[in-house]
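The values are calculated or read from the model by the stated rules, or taken from the named source; none is laboratory data. Just so it is clear, the structure is predicted and the values come from calculations on it, not from any experiment. Here the Cβ positions follow ideal geometry from the backbone for every residue, glycine too, while neighbour counts run over all protein chains shown.
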Amino acid sequence: MTLGRTLWCIILIKLFIMFAVLRVFFFPAYLQGDDQEKQQRVSDELTERIAP
Amino acid sequence: MEPIDSSLVDWSRAQFALTAMYHWLFVPLTLGLGVVMAIMETLYVRTGREFWKRTARFWMKLFGINFAMGVATGIILEFEFGTNWSNYSWFVGDIFGAPLAIEGILAFFMESTFIAVMYFGWNKVSKRAHLASTWLTIIGATISAWWILVANAWMQHPVGMEFNPDTVRNEMVDFAAVAFSPVAVVKFCHTVTSSWVLGAVFVVGVSCWYLLRGRHREFALGSIRVAAWFGLAASLLTAHTGHLSGRDIALYQPMKLAAAEGLYEGGTEQGLVLGGILRPGADWVGGNGDDRFLLKVELPYALSYLATHDLQGYVPGIRNLLEGDYRLPDGSVALSAEEMMKRGRVAIDALARYRAASPPEEKAAALAVLRENFPWFGYGYLKSPGELVPSVPLTFYSFRIMVMLGGYFIVLFAGLLLLGQRVTRWKLVQLAVVLTIPLAWLASQSGWVVAEVGRQPWAIQGLLPNVAAISRLDVSSVQTTFFIFLALFTLLLVAELGIMGKAIAAGPETDSTSN
Ligand code: HEM
């Protein structure tokens, strides 16, 4: 069944691009470190972006 | 720390909007077409007619193509949460995490298992077991939608949570309040029923294309009959749930309602704008008395009734919402935007003091101030009240497009049912139905534009505006990913259209090829 094969190919290529390319090179996790460090980072960002 | 550049906010929004809109090309067709094919298979099991089996199998094939193309496009949105919206992702904590994790695990496995039986099990399992798999596939997909919409509804109307200043996260205190919040229930019902409409439009549209080409007459008429009944019921439900959505936004997001209605100056006995043209370049923030409409046709009292269930009810306009000083339904007096912004700054400042302080009494004092002012936390990031006004033209026109098309779909399905077999003689009607296919997507996308543009500037209503929610990235990196997505998704869409077009051109199995 050629349709099924084409669809599986597309699914696999798509997943590969998403996880092996986009995720790795374009979407690193922005917050790094352990939970303490993440909390502090977000807290700093949230308190320092206060409107003047 | 450098202030956040407004172009970073715009590009982050554009990137998210692009991904969400492409994702939403696939999802409603999965939800809608899935039910149509399941109904057709049910007819097969009940009547034993091979005709319905062939019909169901054809629509299943198109369902499969769409599912394969669309599956996992939503994961990109989750990548974006982690990279581009990191403050937001952290801040919402398990409120967003739990629904997404549940949907990811439960629905995904459920769908994959049953979808396998649906495609490969025709001659391997009993008719009834196969039918059950088909229904469970679509129920699984619908449950996925439920969890995502719970998360979305929470952003529009945050309930059932408590902010923990130690972790800087909102923590769920009442799961039922989150999962069954009235906004979530209505949003789910409107989104799903409107997707059924889209699926039904697709089926009648493709069937009419066969009639126009003089092919597969019996198949097309059978499909039209099922889809038109289903579509009519779904369109009526959509109109009803749309009405309930209108009431929700009147209660919880009055600025969205004011923008959708182009209501600058509110009052009692307000009419609903049926149609209208806005004055280009009108100022929706400033307070001069200009008429902001070039043309408008109103249904008297209807907006008051929609918002308050009282023909005389008071509906605030944009100016009133910014200036406050009107009575809220609970009898209290509305605060002005300036006042809310002041309280928001007090809350943010209290958070900073709480986290910096070490003596317990200082911490307790800061916490008390934070708790008291937390409902306005997000307002503390806004520089001017005008930022609270979303794009009125975009919200207003999208709302009109959705509702008008909703009315048109009701007429279309009713008309097809009245015509019955005679539709084969009406070429113009057939052509009109084929051309209606893209309009179903237009209505659906417009619905999301109303819901999401209409709630700007908020990522989470009242608690976190976009300017605070986004990560501090280079604008250029967000631009890069925007264009990568544009290219990739467009490619995917072209592939979908190509493969779908080919399958439609090939048509359903004929008697001799069925098994
Ligand atoms: C017939 C009259 C209709 C009314 C009164 C109506 C009303 C509404 C309202 C008020 C919203 C905003 C809800 C919010 O922001 O929370 C909305 C959203 C939406 N609408 Fe409609 N609508 C109608 C028809 C349709 C049709 C025909 C479709 C598509 C085929 C559609 C698809 C959507 C979608 C996808 C959303 C976004 C999800 C949501 O917020 O529920 N609507 N609609």
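List every residue pair whose Cβ atoms sit under 6 Å apart, with the two residues 6 or more apart in sequence or on different chains, where the first one lies in region B:257-268 and is part of a helix (DSSP H, G or I) and the second, anywhere, is hydroxyl-bearing (Ser, Thr, Tyr) and at pLDDT 95 or above. That search, which allows pairs on different chains as well, returns B:259/B:395; B:260/B:395. Of all the listed residues (B:125, B:117, B:173, B:159), the sole one being within 30 Å of residue A:41 (Cβ to Cβ) and in contact with a helix residue (DSSP H, G or I) (Cβ under 7 Å, 6 or more places away or on another chain) is B:159.
Of the helices (runs of 4 or more DSSP H) entirely within region B:348-457, those holding at least 3 residues that are assigned by TED's automatic domain parsing to the domain that holds residue B:22 and farther than 18 Å from residue B:257 by Cα occupy B:392-419, B:427-453.
Test of understanding: among B:177, B:250, B:184, which residue is closer than 30 Å to residue B:337 by Cβ, more than 14 Å from the ligand (Cβ to nearest atom) and part of a helix (DSSP H, G or I)? Outline the logic, then answer.
On the way: B:250 fails: more than 14 Å from the ligand (Cβ to nearest atom); B:184 fails: more than 14 Å from the ligand (Cβ to nearest atom).
Step by step, each of B:177, B:250, B:184 is checked, and only B:177 is closer than 30 Å to residue B:337 by Cβ, more than 14 Å from the ligand (Cβ to nearest atom) and part of a helix (DSSP H, G or I).
Considering every residue within region B:44-51, establish whether at least one is in a helix (DSSP H, G or I), surrounded by fewer than 22 Cβ atoms within 10 Å (Cβ to Cβ) and among the β-branched types (Val, Ile, Thr). Yes, region B:44-51 contains at least one residue that is in a helix (DSSP H, G or I), surrounded by fewer than 22 Cβ atoms within 10 Å (Cβ to Cβ) and among the β-branched types (Val, Ile, Thr). Looking across region B:456-481 at every residue that is surrounded by fewer than 18 Cβ atoms within 10 Å (Cβ to Cβ) and more than 9 Å from chain A (Cβ to nearest Cβ), the one that is farthest from residue B:49 (Cα to Cα) is identified as B:474.
With respect to (1) touching an Asp or Glu at 6+ places or on another chain (Cβ under 9 Å); (2) buried (at least 22 other Cβ atoms within 10 Å of the Cβ), the lone exception for residue B:416 is condition (1). Just name the residue that is surrounded by the fewest Cβ atoms within 10 Å (Cβ to Cβ) out of those in region A:10-39 that are more than 7 Å from chain B (Cβ to nearest Cβ) and either part of a loop (DSSP other than H, G, I, E, B) or acidic (Asp, Glu) (or both). It comes out as A:34. The combined condition, being polar (S, T, N, Q) and more than 16 Å from the ligand (Cβ to nearest atom), is not fulfilled by residue B:436. Against the definition (within 14 Å of chain A (Cβ to nearest Cβ), within 16 Å of the ligand (Cβ to nearest atom), closer than 14 Å to residue B:17 by Cβ and surrounded by 20 or more Cβ atoms within 10 Å (Cβ to Cβ)), how does residue B:451 come out, yes or no? For residue B:451, the condition - within 14 Å of chain A (Cβ to nearest Cβ), within 16 Å of the ligand (Cβ to nearest atom), closer than 14 Å to residue B:17 by Cβ and surrounded by 20 or more Cβ atoms within 10 Å (Cβ to Cβ) - is not met. Scanning region B:280-332 for residues that are among the hydrophobic types (A, V, I, L, M, F, W, C), within 27 Å of residue B:462 (Cα to Cα) and modelled with pLDDT of 95 or more gives B:303, B:315, B:318, B:321, B:322.
Starting from residues that are within 14 Å of chain A (Cβ to nearest Cβ) and surrounded by fewer than 17 Cβ atoms within 10 Å (Cβ to Cβ), keep the ones in region B:137-166 and report whichever is nearest to the ligand (Cβ to nearest atom). Going through the qualifying residues, I end up with B:164.
Go over the candidates B:387, B:372, B:361 one by one and state the one that is modelled with pLDDT under 95 and either more than 16 Å from the ligand (Cβ to nearest atom) or crowded, with 18+ Cβ neighbours inside 10 Å (or both).
Every option except B:361 fails the conditions.
Could you look through region A:40-51, keep only residues that are at the interface with chain B (Cβ under 7 Å from one of its Cβ atoms) and more than 19 Å from the chain's Cα centre (by Cα), and pick out the one that is nearest to residue B:5 (Cα to Cα)? Per the criteria, the residue is A:49.
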